[in-house]
Amino acid sequence: MGMASAQTLTIGLAAEPTSMDPHFVNLTPNNSLTQHIFPPLMERDAQSRLMPGLATKWEPVDDTTWRITLRQGVTFSNGEAFTARDVIYTICRVPQVPESPSPFTQFTSAITGMKAESDHVLLVSTKEPTPLLPANLSNIGILSASASGGEKQITFNTKGCEGFGKPPVSTAFGNPGFAIGAGPYRLVSFARGETIKLERNPKYWGTAPKWETLVFRPLTNAGARVAALLAGEVDLIENPPTQDLDKINGAGFTISSGLSSRVIFIALDQGPAPTPGIAGDKNPLQDARVREALSIAIDRGAIRDRLMRGQSEPAGQLLPWPLFGAEESRGAVSFNPDRARALLAEAGYPNGFRIVLGGPNDRYVNDGQIIQAVAQMWSRVGVRTEVDAKTFTTFLTDRNAFKYSAYLLGLVVTTGEMSMPLRTLMTTRDASRGLGATNYFRYSNPEVDKTLLTALATVDDARREKLLQKASALAMDDHGIIPLHFELSSWALKPGLKYEPRIDQHTLGFMVTSSN
C-alpha cells in the first residue's frame, strides 16, 4: 500500500492509538497521532526544545502572569480563523474529558485566569509563579471552539467556564467532520484495529508536508511489522525488534536510532493490605527495605546486553542525564542479589513471599521478555514471582482498576525535564491539583510532594533544578519506584527516506523527508 503512490507514506505503528481526542489520555501513541491534526501553542524539536507553534512568543509579565502572542493568519481545516477564543475553549475543555485514564489536567491545573487582550494576544494567570507554563502548554492540542460546540463568547473560570457549551465526548473525534484542527493534516478515517488515514490540510499555515496522504497501520506484533516493511507494504516502522536490526540493515533499509526520554520502570503498590497478588494481611511493599531488595535483585546490565542487545541505558532515575533535573552522579542501581536476600530477611521475609508482576507484552521494546527476566531474578532471591503479561489495552484497564501489586510500564518525559515524571508518577494522587495522574501504585511521600511543589513555583532555573534533583533523590532513595532503563528509540525506513530520532519517541509523518 505504501509503495502505490509517491504521495502516500504508510507507517507501521508499534502501539495503536486509542482515540483521536487529543485530551483523552496522555499516552505517546495518542499524542504522536493527534499532533498531526491538533498542534499545541508551543511545539518541540527532536531534542524536546521548545519552538514557536500556534504561539509565536511567550513572556512573563510578572511572577504570576504570562502574555502569549498567537500566530496570525492561521485557519482551522474548516476555514475558520484561529484566535484566543480557541485557546480559552481548549483549556476549559481539558478538565471536562470524561473517564480520562491519564488526564491532561497535570498541565493546566496551575492556570487560574485567561483573558484575551485581542484576537491574537492572551494573558494567562496562575496562582503561583509557574515557570514551566510554556512547557506544559506544549502538551495541549488546540481545538476549534466553534467546531467543538463552544459559544461565541467564552469566559474562563476554574469552577466551570461560561459559554463553553456541552463538553464533547472523546468518541466524537473519530468523525472527520468533528476532528477540526489547525495542523498539517486532517482526518479521513479512524478505524480501530485497522488503519488511520490522514490527508494534507490545504489550509495549513506552515510549510506543506511532503506527503499528500498518511496511512497508519497498527502492527503491534514485532514480526509482522518487520515483515510488512521488508515486503514493501509499509514505508516506515516504529520499534524494529533488536534481534532484527542486522537483517533490516542487510536488506538495504535504514535504521534511525537515538536515546529517548522514555523510562521503563516497575511500580510497586505501597498502599495498605490487601494488595493484589500478595497473600496475607500485610503488604511487604510498604517496607523500603523490601523495595530496595527488589530493585537490586534486577541485573539491568544483563537486560541491556542480552534482551535489548545494547538498545537501552540502565537507569537510576526517571530522566536521563543531562536533561534538566537529572543528576550525572546518579547511575543505575547495582545488581546485588546477596544484599537483596539480606534486606528481605532484615525486613522479616527470610523466605520471601509470592507476588504477581503484571505488564504489557506488546507495547515497549521486548517488554514481555523483560517481565519474564525480572520475574526470574526476583524468584532467585526468594520472591516467587508469577507473570501476568497481556496486551497493552487490556493491561491498562486492569492497571487503572488497581489490580496489580507490581507492574512494568513506561513513560516518555515529553517536557524534557524532571518535574513531569515526578509530578505524574511520584506525587500523592490529587486530581484537583493535577498531581499523581498515573500514580496507580499508591506511593505517597509528603517530602517529595512539598519539594516538587516548591520547584514548580521557583522561577530561577538553577534553584529550580536543584529542587528537582532533591525531590528526585528523595523518591529514588526511598525506592518509591524501580527505574529499569531508558529505551533507545529506533525507526526503520525504506531506502530514500530519512527521519531524525526524537527523544519523545513521537512518530511524526510530516517530519519524514527524502534522504537524497
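The values are calculated or read from the model by the stated rules, or taken from the named source; none is laboratory data. Keep in mind the model is a prediction, meaning the values are calculated, not measured. Cβ atoms come from the backbone with ideal geometry, glycine included; neighbour counts cover every protein chain shown. Just the protein is used for accessible areas: all its heavy atoms, side chains included, with ligands, DNA and RNA removed. Shrake-Rupley method; radii C 1.70, N 1.55, O 1.52, S 1.80 Å.
A compact table of results
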| item | result |
| --- | --- |
| Hits in region 481-502 - residues which are over 27 Å from Asp305 (Cβ atoms) and among the small types (Gly, Ala, Ser) | Gly496 |
| Selection within region 298-314 - hydrophobic (A, V, I, L, M, F, W, C) and either at pLDDT 95 or above or open to solvent by 60 Å² or more (accessible area, probe 1.4 Å) (or both) | Ile298, Ala302, Ile303 |
| Flag if Ala492 is out of contact with any Ser or Thr (no Cβ under 6 Å at 6 or more places or on another chain) and part of a helix (DSSP H, G or I) | no |
| Matching option when the condition is assigned to a loop (DSSP other than H, G, I, E, B) and more than 30 Å from Pro284 (Cα to Cα), among Gly271, Gly223, Gly206, Gly258 | Gly206 |
| Single unsatisfied condition, Ala208 versus (1) of a type outside the set (S, T, N, Q); (2) farther than 30 Å from Ala332 by Cβ; (3) open to solvent by 60 Å² or more (accessible area, probe 1.4 Å); (4) free of Cβ contacts under 8 Å to residues at least 24 places away in the same chain | (4) |
| Tally of residues being farther than 22 Å from Leu456 by Cα, open to solvent by less than 40 Å² (accessible area, probe 1.4 Å) and hydrophobic (A, V, I, L, M, F, W, C) across region 124-177 | 10 |
| Checking Gln317 against (1) surrounded by fewer than 22 Cβ atoms within 10 Å (Cβ to Cβ); (2) in contact with an Asp or Glu (Cβ under 8 Å, 6 or more places away or on another chain); (3) modelled with pLDDT of 95 or more, the condition it does not meet | (1) |
| Count - residues of region 71-113 that are free of Cβ contacts under 8 Å to residues at least 40 places away in the same chain and among the small types (Gly, Ala, Ser) | 2 |
| Sole residue being open to solvent by 60 Å² or more (accessible area, probe 1.4 Å) and of a type in the set (S, T, N, Q), chosen from Ser329, Ser261, Ser295, Ser256 | Ser329 |
| Qualifying residue in region 155-168 (condition: farther than 30 Å from Ala326 by Cα and under 25 Å from the mean Cα position of the chain (by Cα)) | yes |
| Count of region 226-250 residues which are over 22 Å from the mean Cα position of the chain (by Cα) and either without any contact (Cβ under 8 Å) to a residue 60 or more places away in the chain or closer than 16 Å to Lys494 by Cα (or both) | 17 |
| Filtered residues of region 23-48 (kept if under 13 Å from the mean Cα position of the chain (by Cα) and free of Cβ contacts under 8 Å to residues at least 60 places away in the same chain) | Pro29, Asn30 |
| Residue that is closer than 30 Å to Lys197 by Cβ and hydrophobic (A, V, I, L, M, F, W, C), where the choices are Phe486, Phe510 | Phe510 |
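Yes or no, residue by residue, for (1) within 21 Å of Thr18 (Cα to Cα); (2) β-branched (Val, Ile, Thr); (3) at pLDDT 95 or above:
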| site | (1), (2), (3) |
| --- | --- |
| Asn136 | no, no, no |
| Gly160 | no, no, no |
| Phe178 | yes, no, yes |
| Val188 | yes, yes, yes |
| Glu199 | yes, no, yes |
| Glu212 | no, no, yes |
| Val215 | yes, yes, yes |
